[in-house]
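First comes the structure, then the notes that go with it.
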Amino acid sequence: MKQNQKRNPKIDFFTYRVTWSAEDREYVGLCAELPSLSWLARTPEDALIGIRKVVNAAVIDMESAGESVPVPLATKHYSGQFRVRIPPAVHRSLSIAAAEQGVSLNRLASAKLSA
């Protein structure tokens, strides 16, 4: 983060992940809301600090350019519903499996997705 650049509090609500990159032989810090950004470091702690600095700078730049900043996943409202298009044969097969198990198709799909 630049010396004169302030920390934007919006970055605290984003979803961060640190993982090992075998290709780079370093830890990589990632932000789910801004997937084009990353930061490589020798330690997981430095990767997290680095990605937070990059995200902070990006959010400040986006706001100053009048661009919309992504809504943090942690603050979004989720209805619990989404649509999935599947081939008719798969739909039929799932419907049969649900009937055989004595559950609704929604219940079967939810159980399969949760597994």
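Counting every other Cβ atom within 10 Å of each residue's Cβ, Y78, Y16 order from fewest to most as Y78, Y16. What net charge is computed for the residues neighbouring E26, neighbours being all others with C-beta under 12 Å from the C-beta of E26, Lys and Arg scored +1, Asp and Glu -1? My count for the surroundings of E26 gives -1.
The share of alpha-carbon pairs in region 9-74 lying farther apart than 14 Å comes to 54%. Considering the options L113, N56, I96, tell which one lies farthest towards the positive end of the dipole of the chain, charges being +1 on Lys and Arg and -1 on Asp and Glu at the Cβ, about the Cα centre. The residue sitting farthest along the positive end of the dipole is I96. Distant-in-sequence amide contacts of E33, defined by a placed amide H-H separation under 5 Å and a gap of 5 or more residues or a different chain, comprise T15.
Lys-Lys pairs in the chain that are eight or more residues apart or on separate chains and whose Cα atoms lie under 16 Å of each other come to 4.
Each stretch of four or more DSSP H residues adds -39500 (n - 2.57); spread over every residue of the chain, this sum gives -13000 deg cm²/dmol at 222 nm.
Here's how it looks for W39: its modeled amide H is under 5 Å from those of G29, which are all 5 or more places away or on a different chain. Which one, (i) 2, 11, 19, 21, 18, 10, 6, 5, 4, 2, 1, 1, 0; (ii) 2, 10, 16, 17, 14, 11, 9, 7, 6, 4, 2, 1; (iii) 2, 10, 15, 14, 11, 9, 10, 10, 8, 7, 3, 1, 0, gives P(r) over Cα pairs in 5 Å bins from 0, in percent as derived from the coordinates shown? Matching the structure shown: (iii).
With θ taken as phi - 60° and the Karplus curve 6.51 cos²θ - 1.76 cosθ + 1.60 applied, the whole-hertz 3J(HN,Hα) list for region 42-50 is 6, 10, x, 5, 5, 5, 5, 4, x Hz, x standing for glycine and proline.
The simple spin-label model puts a point 7 Å past each Cα toward its Cβ; for S79 and D24 those points are separated by 3.7 nm.
Read-outs throughout are calculated quantities, based only on the coordinates presented, and are distinct from any laboratory measurement. Predicted model only: the values in this text are computed from it and were never measured. Counting neighbours? That spans all protein chains shown, and the Cβs are built from the backbone with ideal geometry, glycine included.
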